[in-house]
Amino acid sequence: MKNQMDTRERDANEVIADLREAAGIKLAVLGSQTLAAKLCADAIVEHRKAIIKMIGGTPVRLVTSCRPVGAEKAARLVAKRFTGQLAVVFHRPEMTHGIKVADMMANMIIERECSALLVLSTGRAACELLSARFVQNKKPVYEIELS
């Protein structure tokens, strides 16, 4: 079954429209690329109750980007177990744009459409610019340090 909330499968505008219709917390999950995705996903599931308490409720969707490793991969692995639905995935159009521009575009969509940000880190700074944008827009940012 293909994920209809993945921008490889559908136009990003359609995915965004469906995401906007979902009432409740839309949690962006991003962070370190050096984390082992499977272990990180297991940690998210293990600490599910604490995360829900921290963000103030069960998220209706987990939103992430497309990196094949680290926190973003972990979010895709755990989304179904966490929310009952596959992750919403915004892919970076790297073939058309440079990587920096592609990152910026994906982050702009995530920042605009999500109600909170969960940063999974290894103790080093991760997602600083995106975190700053969430704070600037009075949206909560939570960080969990994993090792």
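The values are calculated or read from the model by the stated rules, or taken from the named source; none is laboratory data. Since this is a predicted model, take the numbers as computed values, not measurements. All Cβ positions, glycine included, derive from the backbone under ideal geometry; neighbour counts span all protein chains shown. Surface accessibility is based on the protein's heavy atoms, side chains included, excluding ligands, DNA and RNA. Shrake-Rupley method; radii C 1.70, N 1.55, O 1.52, S 1.80 Å.
Key figures
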| quantity | calculated |
| --- | --- |
| Residue match in region 61-69 (condition: modelled with pLDDT of 90 or more, charged (D, E, K, R) and out of contact with any Gly (no Cβ under 6 Å at 6 or more places or on another chain)) | yes |
| Residue match in region 123-136 (condition: open to solvent by 70 Å² or more (accessible area, probe 1.4 Å), out of contact with any strand residue (DSSP E or B) (no Cβ under 9 Å at 6 or more places or on another chain), farther than 18 Å from PRO59 by Cβ and outside any helix (DSSP H, G or I)) | yes |
| Given (1) open to solvent by 70 Å² or more (accessible area, probe 1.4 Å); (2) touching a Phe, Trp or Tyr at 6+ places or on another chain (Cβ under 9 Å); (3) not hydrophobic (A, V, I, L, M, F, W, C), index of the condition GLU46 fails | (2) |
| The one condition in (1) aliphatic (A, V, I, L, M); (2) over 14 Å from the mean Cα position of the chain (by Cα); (3) closer than 19 Å to PHE134 by Cβ that ALA71 fails to fulfil | (2) |
| Helices (runs of 4 or more DSSP H) wholly inside region 1-82 containing at least 2 residues that are closer than 21 Å to GLU111 by Cα | 12-21, 48-55 |
| Test: residue in region 3-11 that is touching a Gly at 6+ places or on another chain (Cβ under 6 Å) and among the hydroxyl-bearing types (Ser, Thr, Tyr) | no |
| Within region 7-35, considering residues that are charged (D, E, K, R) and touching a strand residue (DSSP E or B) at 6+ places or on another chain (Cβ under 8 Å), the one surrounded by the most Cβ atoms within 10 Å (Cβ to Cβ) | LYS26 |
| Lone qualifier among LYS38, LYS100 - being open to solvent by 30 Å² or more (accessible area, probe 1.4 Å) and within 23 Å of SER147 (Cα to Cα) | LYS38 |
| Region 52-62 - residue that is out of contact with any Lys or Arg (no Cβ under 7 Å at 6 or more places or on another chain) and closer than 23 Å to MET5 by Cα and, of those, most open to solvent (accessible area, probe 1.4 Å) | THR58 |
